[in-house]
Structure formats: structure tokens, C-alpha cells
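As C-alpha cells, the structure follows; a few thoughts come after it.
The values are calculated or read from the model by the stated rules, or taken from the named source; none is laboratory data. The model shown is predicted, which means the values in this text are computed figures rather than measured ones. Note that each Cβ is placed from the backbone with ideal geometry, even for glycine, and that neighbours are counted across all protein chains shown.
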Amino acid sequence: MDKLLISINSYNANTGGAIYLKTLFEELKGRGHEVKLICKARKDLSEKSFILGRFEKNFWADLISRFFFSPNFLMIYFLKILSISKKFEEIHFHSSRLIPLALLIKIFANKKVVVHSDNIEYKLSRMLIDSFWEAPIRIFDSILLYFYEKKLFCFVDEVTFITENDEQCLPHSNSSVLPVKIISNIPIEIERIFSKRKTTRKSVIFVANFSYQPNIEAFENIYKVASVLPDVNFRIVGRNARFLNSDLGNIDIYSDVSNSRLENLYLQSHICLSLVSSGGGMKTKVAEAMSYNLPVVATKHSLIGYEKVLDSNLIFEVGDQLNEIEIKENIYSASQLYRDEQNMRLFKEYWEQFENYYKI
């Protein structure tokens with residue numbers, strides 16, 4: 001049975017939402033279905049046969065959609081999406097922001113609709129406020145989303161959540177948990193990567209979307225850690241990273257990098273550091289770091305959804321409250337793993353855990 005997947009994200013982006021979109025697409029395809037996609041337009045999105053529609057997100061699309069009480073830009077394309085949906089038996093929606101669109105498709109096209117939630121959106125909307133001018137629309141969205149997620153979710157045929165925490169927050173009679181999984185196409189030669197990392201200056205990487213306040217707060221904490229670890233290089237990578245300020249010589253900032261550049265930065269790093277201590281969902285960049293066989297030093301909050309690998313020797317959990325000494329000691333312990341060839345076994349076991357739980 002052919003299925004249609006609709007997302008407010010772009011398939012080619014480096015954001016957490018785009019990573020989870022790929023998870024959903026591959027998960028549905030892996031069940032033996034033919035899957036087609038509708039997503040946000042992006043300039044570098046090459047022609048792909050499975051993409052039926054690429055719709056532009058802009059100021060007017062956002063504004064007009066809000067007049068129809070829809071907290072996402074796709075509502076203005078409703079008639080086009082409805083026409084496409086009639087060709088499929090089952091329609092999947094990525095993000096609970098699409099609940100109103102999902103219910104309209106259910107009513108007018110008489111289709112089964114499934115919503116895949118990767119955040120508690122009414123909470124997230126408030127966290128995205130980063131300016132006085134943005135506040136009204138974010139608050140408006142938050143009120144709408146609270147109503148949709150708390151009251152209208154029950155009319156959706158099926159729901160998946162990215163973590164058990166989210167599932168418990170928004171109960172549904174037909175729900176399940178679908179954690180983030182990564183497409184890993186690069187061949188990981190563990191011995192070669194291990195040997196190369198062993199001989200180079202230790203580098204820590206943090207990848208995030210810096211339009212999101214919890215990630216900005218995490219960077220501020222990383223800055224404090226970097227100030228007490230001058231012999232370690234810190235790579236801060238992600239969307240809008242150029243707006244971050246740092247006067248430390250051991251912090252390098254890479255903003256809006258290409259997929260190939262991001263891959264090289266991961267391969268050249270030794271440790272992934274995630275000090276995110278608020279916000280919902282699952283921190284997709286932890287799974288991405290695992291796909292490059294990187295040890296992870298992370299807050300308890302950053303590791304929500306990764307319960308199956310918390311016992312790994314390459315996962316170092318720290319408290320959500322900043323403690324520079326604790327984090328420094330864990331970075332040091334993680335870097336020490338590269339000093340002994342016998343630890344190669346730990347990296348191979350770590351890779352097996354990634355393949356078992358977080359790789360598509």
C-alpha cells in the first residue's frame with residue numbers, strides 16, 4: 001500500500017527535524033511500502049523521484065496559515081495537498097503542528113491519518129521566542145498547539161512519539177514510540193579512525209540549531225567549560241552559529257555548513273559534547289555522533305530516548321546543572337579511551353549498539 005508522508009521540514013537540511021524526517025521516511029519504506037514525500041522547499045534540494053511536492057515557507061505562507069488557525073505554513077497549500085492525498089490510502093504527518101491539516105485530510109479525503117510527533121510543540125513554541133517582535137506569533141502558536149495536542153489528538157487514527165516521556169505527556173489510545181534513527185552511508189573503519197584520533201589534538205564537537213534557546217544556553221555552558229580546558233579544541237557547528245560570540249582561542253564556530261563539511265568535522269573530532277538541559281523531544285545529534293563512533297559526554301536531559309545505551313563505556317552522563325569540574329573530568333576520561341589500543345573493543349561494541357538501536 002502506497003503511503004504519503006507530509007513534513008514541515010526539508011529533506012536535505014542538517015536540523016534535528018530533518019534527521020527525524022529521514023527516520024520516518026526510511027522506517028515506512030522499510031516496512032515494504034512505496035513512500036512519497038511532501039516537504040518544505042530548499043534551494044539545494046535536488047530532484048528526487050519520491051518527492052511529490054516542495055512547498056515554500058515564507059512570511060506570507062506563515063501569516064495566511066495563521067488566519068486559518070494553523071501553526072504551520074502548509075495550510076495555504078491545503079487544496080494541492082488534498083488533491084495529492086486522494087491517491088494514497090494512508091497519510092502520515094511529521095509534527096503535531098500538522099494536526100489540523102491531518103484532520104481536514106481525514107474528513108475531506110476519507111483517509112487514515114497518522115501523526116508522528118517529535119516534540120511537545122506547545123511547549124517548544126514558547127522556547128523559540130528570541131525577540132520581542134516574535135513573541136505574539138509564538139504565544140498564539142502555543143495556545144493553538146495546546147488545544148490541538150491536548151484536545152484534538154484523540155481524533156487522529158494513530159500517533160507515534162519520539163520518546164516515552166512525550167508519549168506519557170500526550171496519551172493516545174493508539175500510540176507507540178519511534179526513536180530517531182540515522183542513515184549511515186559512510187564506511188566506519190574503526191581501527192583507522194581510532195589511530196588518527198589518537199595522534200591529533202583533542203577536539204570536542206557540539207552540533208545544534210542555534211535559533212533554539214536551549215541550544216544557545218548549552219553553548220554558553222560549553223563556553224564556560226572551554227575556558228577551563230585550554231588544551232582542548234571546541235567545534236561549535238550548526239544553523240545560525242554565526243550569531244554566537246566567543247573570544248576564546250580554543251572555540252571554532254562553523255555556521256550553516258554543508259553535509260560534506262559536517263561529516264568531515266565529525267570525523268576530525270574526538271568527543272561529542274551536549275549540555276542541553278531543557279526542551280522536549282530527543283536530541284538527534286547524539287545518535288548522529290554515535291554514527292561517527294564518537295564518545296558522548298552529555299547531560300541527563302540530552303540523553304532522553306537513549307536509555308538502551310546508557311550502560312555503554314562511551315556514554316558519559318553528567319548532571320543537568322552546570323558543573324565545570326564534573327564535565328572536565330568526563331571529557332578527560334573520554335579522551336583517555338584513545339590512549340590504549342585495547343579500548344578498540346569498546347568502540348566496536350559501541351558501534352554494534354548504534355547499529356542495533358539507532359541505525360536505519
- request: Please enumerate the residues belonging to segment 245-283 that are more than 19 Å from the chain's Cα centre (by Cα) and not polar (S, T, N, Q).
  value: Asp247, Leu248, Gly249, Ile251, Asp252, Ile253, Leu267, His270
- prompt: Does segment 153-161 include one or more residues that are under 23 Å from Tyr212 (Cα atoms), under 17 Å from the mean Cα position of the chain (by Cα) and aromatic (Phe, Trp, Tyr)?
  reply: yes
message: If I ask for residues that are surrounded by 13 or more Cβ atoms within 10 Å (Cβ to Cβ) and either modelled with pLDDT of 95 or more or under 15 Å from Lys328 (Cβ atoms) (or both), which ones from segment 228-247 would you list?
response: Leu229, Val232, Asn233, Phe234, Arg235, Ile236, Val237
task: State whether one or more residues within segment 303-317 are touching an Asp or Glu at 6+ places or on another chain (Cβ under 7 Å) and surrounded by fewer than 22 Cβ atoms within 10 Å (Cβ to Cβ).
output: yes
message: Being hydrophobic (A, V, I, L, M, F, W, C), on the phi < 0 side of the Ramachandran plot and buried (at least 18 other Cβ atoms within 10 Å of the Cβ) narrows it down to one residue among Phe67, Phe88; which is it?
response: Phe88
query: Picking from Arg242, Arg235, which residue would you name as being of a type outside the set (A, V, I, L, M) and either farther than 21 Å from Leu322 by Cβ or more than 20 Å from the chain's Cα centre (by Cα) (or both)?
result: Arg242
field: Subset of segment 248-262 that is in contact (Cβ under 8 Å) with a residue 24 or more places away in the chain and crowded, with 16+ Cβ neighbours inside 10 Å - its residue that is nearest to Lys198 (Cα to Cα)
entry: Asn250
- prompt: For Ser227, all conditions in the list (1) of a type in the set (Ser, Thr, Tyr); (2) under 26 Å from Phe73 (Cβ atoms); (3) out of contact with any Phe, Trp or Tyr (no Cβ under 9 Å at 6 or more places or on another chain) hold save one; what is the number of the exception?
  reply: (2)
